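The values are calculated or read from the model by the stated rules, or taken from the named source; none is laboratory data. None of the values given here were measured: they were computed from a predicted structure. In this analysis, Cβ positions are derived from the backbone assuming ideal geometry, glycine residues included, and neighbour counts consider all displayed protein chains. To get the accessible areas, we keep the full protein, side chains included, count just its heavy atoms, and leave off ligands, DNA and RNA. Shrake-Rupley method; radii C 1.70, N 1.55, O 1.52, S 1.80 Å.
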Amino acid sequence: MPEEQLTDQEQQRRAKLTRLREAGIDPYPPRTKRTHTNAQAIAALDRATEDAEPLAVSVVGRLVSVRIMGKSSFAHIQDGSGRLQLYLRRDVLGEEAYDLFKRDLDLGDFVQATGQLFRTRTGEPSVRAEELQVLSKALQPLPVTKEKDGQVFDAFSDKEQRYRQRYVDLAVNPEAREIFVIRARIISALRRFLDERGFVEVETPVLQPIYGGAAARPFETYHNQLKQKLYLRISDELYLKRLIVGGFERVYEIGRDFRNEGVSFKHNPEFTQIEFYMAYGDYQKVMELTEQMVAFAAQEALGTTKITYEGHEIDLAPPWRRWRLRDAVREITGIDYEEHRDPASLHQAIVQMGGTPERKANWGKLIDPTLINYVEPHLIQPTFLHDYPLEVSPLAKKKPGQDHIVERFEFFIGGMELGNAFSEINDPLDQRDRFMASSEALASGDDEAHPLDEDYINALSYGMPPTGGFGMGVDRLTMLFTGRDTLREVILFPHLRSKE
């Protein structure tokens with residue numbers, strides 16, 4: 001940034017940087033000599049007996065508070081494990097080092113302190129600093145809480161600013177850091193749950209010549225050397241099922257998927273999804289595994305299966321409610337869509353209810369928004385809605401005796417859909433017919449329709465056993481577990497509009 005655009009504080013910090021260098025001090029040294037984290041130092045002090053020799057430590061962290069009192073001062077440093085107090089005396093630290101601390105160090109700077117652990121008269125664990133080293137000079141001040149007219153204001157609470165400068169958000173808001181600690185625990189728990197049940201974690205292509213596995217518009221890119229159009233994957237499904245064909249019986253993947261669609265509190269162009277596929281399973285067996293897995297993840301990440309979301313007390317412990325989609329729609333909207341098998345009739349019934357359905361939507365695509373707009377908000381406790389229209393489920397196996405319904409479920413918690421699962425089609429001829437119908441819709445302008453994937457059909461023609469498949473958004477699960485109302489709170493660097 002040009003000098004004339006710097007604030008007074010930024011100019012002062014740069015002047016201090018210059019003085020440090022002129023004094024022969026490297027304000028950005030290449031390494032440290034930390035012996036303990038702050039938490040480890042406190043734990044070591046807690047374990048020490050009264051007659052034990054004082055323990056010498058070297059600790060590091062960001063300066064988050066400073067209280068100067070003439071010839072002695074107190075400060076707090078914060079590392080990833082927590083805060084620790086430093087006690088600095090001119091006669092212990094040395095006159096030159098103490099004056100440097102008072103004159104040239106600021107809140108936000110990273111330092112290393114070496115000295116003996118002790119407790120102050122108030123009992124606070126502290127380090128009596130004998131050496132102090134600058135590790136990184138911060139040239140911009142961190143925002144701090146301010147008080148005005150008797151009210152306390154958080155200086156970094158603007159949501160968009162927090163998302164754009166997540167590094168500052170994490171530095172000053174410990175609750176933001178805790179969200180991502182919980183997220184990491186969730187992912188670790190999901191892995192452990194599946195690993196313990198014989199699933200193999202795999203990796204499948206992110207760049208795909210034919211996208212598939214979901215109804216979504218993809219992002220396009222181009223490989224210059226191969227002169228080939230490629231797509232960022234919208235799902236991992238078709239590649240994971242190829243592995244079932246190849247002899248793996250249980251596989252899963254946790255990774256990024258990409259959909260070129262609208263942004264909302266529960267949609268981001270890139271998101272983390274977990275998908276698993278189990279041979280010799282069906283959607284009923286996947287239901288059982290799903291409720292067990294989500295409850296396990298909650299217990300591991302939060303220490304309980306009972307959570308609060310949007311003011312609702314929710315119990316994630318199995319068993320969850322199983323509710324046929326037809327019954328749910330009928331009970332909440334009064335419409336029995338099986339009595340309106342003609343799209344025009346169903347369209348009219350939805351209009352009479354007060355809805356605004358698309359005029360050219362087919363039967364299944366009339367039911368889907370009815371579910372989203374009218375049924376989903378009522379599904380607070382964990383609920384499986386099952387048996388979906390074929391038209392919106394091109395990869396799910398037909399329900400025996402009902403050619404227009406498939407063995408599919410979605411599950412909902414807190415009024416939000418979190419996952420989707422099928423009994424997978426393993427009949428290559430049926431799958432080809434579905435793809436052809438979807439391809440016609442794609443050619444007619446439905447940019448979320450599924451394209452034809454000849455290689456996937458070829459894979460099925462070698463035989464795939466009965467298989468149950470599952471996909472769940474990890475971001476939405478983290479929203480649920482942390483009580484957040486938007487994906488942007490649980491994604492470290494969410495996509496935002498450019499400032500321009």
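Each part reduced to its alpha carbon centroid, region 159-217 and region 315-389 end up 30 Å apart. Less than 5 angstrom separates the built amide H of G212 from those of I234, S235, all sequence-distant by 5 or more or on a different chain. Residue-normalised convex hull volume from the C-alpha trace of region 151-233: 197 Å³ per residue.
Around the amide H of S65, modelled in the peptide plane, lie the amide H atoms of H76, all under 5 Å away and 5 or more residues distant in sequence or on another chain.
Here region 443-500 is treated as a sphere whose radius is the Kirkwood value from Cα pairs; by Stokes-Einstein at 25 °C and 0.890 mPa s it diffuses with a coefficient of 153 µm²/s. Hey, what angle do you get for helix 8-22 against the long axis of the chain, alpha-carbon based, 0 to 90 degrees rounded to 10? The answer is roughly 60 degrees.
Note on I457/A39: beta-carbon distance plugged into 1/(1 + (r/R0)^6) with R0 of 56 Å gives a FRET efficiency of 0.50.
Placing a label point 7 Å from the Cα of N260 along the Cα-to-Cβ line, the residues of region 422-464 whose backbone N sits under 12 Å from it are 447-448. Excluding same-chain neighbours fewer than eight residues apart, the lysines reachable from K499 by a Cα-Cα span under 28 Å are K146, K159, K266. Between amide H atoms placed 1.01 Å from N, distances below 5 Å from E131 occur with T114, all of them 5 or more places distant or on a separate chain.
Solvent exposure of region 282-378 amounts to 53 Å² per residue of accessible area, where only protein heavy atoms count and the probe is 1.4 Å.
When only alpha carbons are used to place a centre, region 52-98 and region 31-51 end up 14 Å from one another. Geometric descriptor of region 52-93, per residue, is 90 Å³ (volume of the convex hull of the Cα atoms). In sequence order, region 368-373 has phi-based couplings of 4, x, 5, 4, 5, 7 Hz under the Karplus curve 6.51 cos²θ - 1.76 cosθ + 1.60, θ = phi - 60°, and Gly or Pro positions carry x. Phi angles of region 233-241 translate, via the Karplus equation with coefficients 6.51, -1.76, 1.60 and θ = phi - 60°, into HN-Hα couplings of 4, 9, 6, 9, 4, 5, 6, 5, 6 Hz per residue; Gly and Pro are given as x.
All distinct Cα pairs of the chain go into the 1/r average, and the inverse of that average, the Kirkwood radius, is 26.8 Å.
Residue-wise HN-Hα couplings along region 190-202, as the Karplus relation 6.51 cos²θ - 1.76 cosθ + 1.60 with θ = phi - 60° gives them from phi, are 4, 4, 4, 4, 6, 4, 5, 10, x, 7, 10, 7, 10 Hz; Gly and Pro carry x.
The alpha carbon radius of gyration of region 267-347, expressed as a multiple of 2.2 N^0.38 Å, is 1.51.
The GluC sites (Glu not before Pro) of region 315-421 meeting both criteria, a DSSP state outside H, G, I, E and B (loop) and at most 14 other C-beta atoms within 10 angstrom of the site's C-beta, are E358. Computed on the Cα atoms alone, the convex hull of region 4-57 gives a volume of 161 cubic angstrom per residue.
Residues of region 24-59 falling in the label zone of Y167, defined by backbone nitrogen less than 20 Å from a point 7 Å along Cα to beta-carbon, are 27-32. Model label sites at Q352 and L55, defined 7 Å from Cα along the beta-carbon direction, differ in position by 7.6 nm. Qualifying trypsin sites (Lys or Arg not before Pro) in region 176-215, where qualification requires a DSSP coil assignment and no more than 14 other C-beta atoms within 10 Å, comprise R197.
Extension gain, S439 to R31, is 141.1 nm, computed as 0.36 nm per intervening residue step minus the present C-alpha separation.
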